[in-house]
Amino acid sequence: MCGIVACVGYREVTPVLLNGLKRLEYRGYDSAGIAVRTADGTIAIRKSEGKLSKLVNQLNGSAPRGTLGMGHTRWATHGAPNDVNAHPHTDESGRVVVIHNGIIENYAELRLELKARGHVFQSQTDTEIFAHLVEEEFEKRGGEGAVNLLDAVRASLKRVRGAYSFVVMDARVPDLLIGARHFSPLIVGIGEGENLLASDIPALLEHTRRALVIEDGEVVALTSDVVRIYTLDGGSVEREPFEVTWDVTLAEKGGFATFFTKEIYEQPAALANALRGRVEPQRVALPELAGIDFDRVDRVHIVACGTSYHAGLAGKLALERWARVPVNVEVASEYRYASPVVNERTLMVLITQSGETADTLACFRLARERGAQTLALTNVVGSSITRGADAVIYLNVGPEIGVVATKTYTAQVALLELVALDWAIRRETVGEIKHELLQSFVRLPDLVQAIIGSDHQTEQLAKQVNRYRSAFFFGRGFGYVAALEGALKLKEVSYLHAEAYAAGELKHGPIAMLDPEIPVIAIATQSATLDKVVSNMQEVRARRAPVIAVATDGDTFIAEHADDVIYIPYAPEHLTPILAVVPLQLLSYHVAALRGCDIDQPRNLAKSVTVE
Ligand code: F6R
């Protein structure tokens, strides 16, 4: 995820770009850059690795001057976060300038093709190829004129596959910005004597409240006083602007009250991004795993902390069930001091969204010292866990700003399960069921969307849960993972005491705690052990503890054993740690909101735990 802002108008554009980027920094902050067309008809580019403030300091006293420009704040996907890979990018003449949010899936083949025609690349990014493509197409059309530049951009867009929002400008066309969108957001701000483009409304609000949303497959051309939208084939599109009524602070969160809710609601898109290009009809496509010699592995140790540890538990169930390899899942802070048996036949899977958790990094070092192979799952490009790992799988869900993990967790589960399925396909330990399993991941974003669409269920329940002093969660198998994560969410954001148990463990002690004042949240979705979960629910009700079940749509029978039911769509069991957790994230939010908690920055927590 990256932030894009651009402006064509009458005023000095650098401050407009920097203010816009400040509002978009939540989208990525590993580098920032601007490009401005100056009075002498050339393009001045300034960019810097690190946060926007670093670029601002660099510009102090030497900001480029001009009225046409673009700016970008980056969340690296292709190429390390450094000065060279920071956007904007240009072709070799420096005339065509591009910023981009998204991933160009066929960039490797396009890069080879362009290199063969003599193009020279400066960065490792997928984005740079687009500047070279546009330059070629524009040259073919004579290299001048707004209409030709627009045609050149359209022709280039037809060559790229993947997700994008692009902004393009050219030193030879002084009053024109071109934007294009396919899956990544792009908004037009309509001003007086100036027009703007941005990834999100907050970047526009200081200049205008009149906005237009560009849809997938559209191209938009902006001059200082005209905005025209086209289809990729050149047909013109009519759209009325709308008036933004949001307050700036709210708008920074895209209209959500908290980043926590925003990130919960983003999960369908985040999962689609995490899975994009990785699930094919016959196989899993995770080229990242090429660095692992699977034949050498006779045991897997999954090591992580907190929510990432919960994702690891789901990974173990999938790996053992499908790939039939023995797996231990360990909390990193325990593992490192527990004399683990780890050697060159061990594959250590390290799960850390931040890539910087101290205990997980210590286990990583231990694995490398002992000659074990290492696979890292992280969301942060270039983070410590990625350095020296044999394989790295990026979550690709964009920055998670809320301190409490949401979309990174659901992506971790999905990707670990994909690793398990990939391995099972290699080992031929899954038969025809592989098609059904692959298909389940294709459907996953829509299933999550359906749950988010019925948030009213949890909003109502939150009023009840808020009355209690404590809550228990239980489940079995994949449902137990959901119970653990649901309990952690509730305590983190609402400070309500919550504990999770494997359902069968309840009667070995914790049942002594139950009374009418402690609700029990049972993960009772369709599974091979549902009957046993229902028996455990009956044991709970016999102690007069209220039961809230998370159950599968259409299961009317469950309502006879629960006081309340949260329904989620039917899905295979392995998706339970994702699908049953989404309503529990929402429930936690509503309880915390009723309690007036600081949901985005809960007390005592930090996004990245870099100390032991
Ligand atoms: C919970 C949460 C933490 C993290 C844990 C590990 O919402 O965010 O439990 O999961 O601190 O962090 P990473 O994944 O960055 O290693």
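Points to keep in mind about this one:
- Among the residues making up the range 545-570, those that are among the small types (G, A, S) and surrounded by fewer than 20 Cβ atoms within 10 Å (Cβ to Cβ) are G554, A559.
- Neighbours by Cβ (under 6 Å, 6+ apart or cross-chain): first from the range 328-340, in the same structural domain as T360 (by TED's automatic domain parsing); second part of a loop (DSSP other than H, G, I, E, B): A332/C305
- Scope the range 38-65; condition assigned to a strand (DSSP E or B) and closer than 16 Å to E12 by Cα; matching residues: I43, A44, I45, R46
- Residue within the range 481-499 that is under 29 Å from the mean Cα position of the chain (by Cα), touching a residue at least 24 places away in the same chain (Cβ under 8 Å) and farther than 27 Å from D600 by Cβ present: no
- Check on V481, in the same structural domain as I302 (by TED's automatic domain parsing) and either in contact with an Asp or Glu (Cβ under 6 Å, 6 or more places away or on another chain) or not in a strand (DSSP E or B) (or both): no
- Here the condition is being in contact with a strand residue (DSSP E or B) (Cβ under 8 Å, 6 or more places away or on another chain), farther than 21 Å from I451 by Cα and free of Cβ contacts under 8 Å to residues at least 60 places away in the same chain; of V565, V533, V547, it holds for V533 alone.
- The range 96-122 - residue that is over 19 Å from P185 (Cβ atoms) and within 24 Å of the chain's Cα centre (by Cα) and, of those, surrounded by the fewest Cβ atoms within 10 Å (Cβ to Cβ): A108
- Criterion (under 16 Å from the mean Cα position of the chain (by Cα) and not in a helix (DSSP H, G or I)) met by exactly one of G255, G277: G277
- Some residue of the range 394-404 being surrounded by fewer than 21 Cβ atoms within 10 Å (Cβ to Cβ), under 18 Å from G306 (Cβ atoms) and charged (D, E, K, R): no
- Contacts under 9 angstrom Cβ, first residue in the range 428-453 being acidic (D, E), partner at pLDDT 95 or above, 6 or more apart: E436/P572; D446/P268; D446/P569
- Odd one out for A86 among (1) part of a helix (DSSP H, G or I); (2) of a type in the set (A, V, I, L, M, F, W, C); (3) within 21 Å of the chain's Cα centre (by Cα): (1)
- Any hit, the range 231-248, residues being out of contact with any Ser or Thr (no Cβ under 7 Å at 6 or more places or on another chain), assigned to a helix (DSSP H, G or I) and modelled with pLDDT under 95: yes
- Inclusion of P519 among residues that are under 35 Å from the mean Cα position of the chain (by Cα) and within 16 Å of the ligand (Cβ to nearest atom) is not warranted.
- Filtering the range 15-40 to residues that are surrounded by fewer than 20 Cβ atoms within 10 Å (Cβ to Cβ) and touching a Pro at 6+ places or on another chain (Cβ under 7 Å) leaves only T38.
- Residue identified as assigned by TED's automatic domain parsing to the domain that holds H182 and touching a residue at least 60 places away in the same chain (Cβ under 8 Å) among G277, G234, G291: G234
- The range 447-500 - residue that is of a type in the set (D, E, K, R) and within 16 Å of the ligand (Cβ to nearest atom) and, of those, surrounded by the fewest Cβ atoms within 10 Å (Cβ to Cβ): K491
The values are calculated or read from the model by the stated rules, or taken from the named source; none is laboratory data. Quantities reported herein were computed from a predicted structural model and do not represent experimental measurements. Don't worry about glycine lacking a Cβ; one is built from the backbone with ideal geometry, like all the others, and counts go over all protein chains shown.
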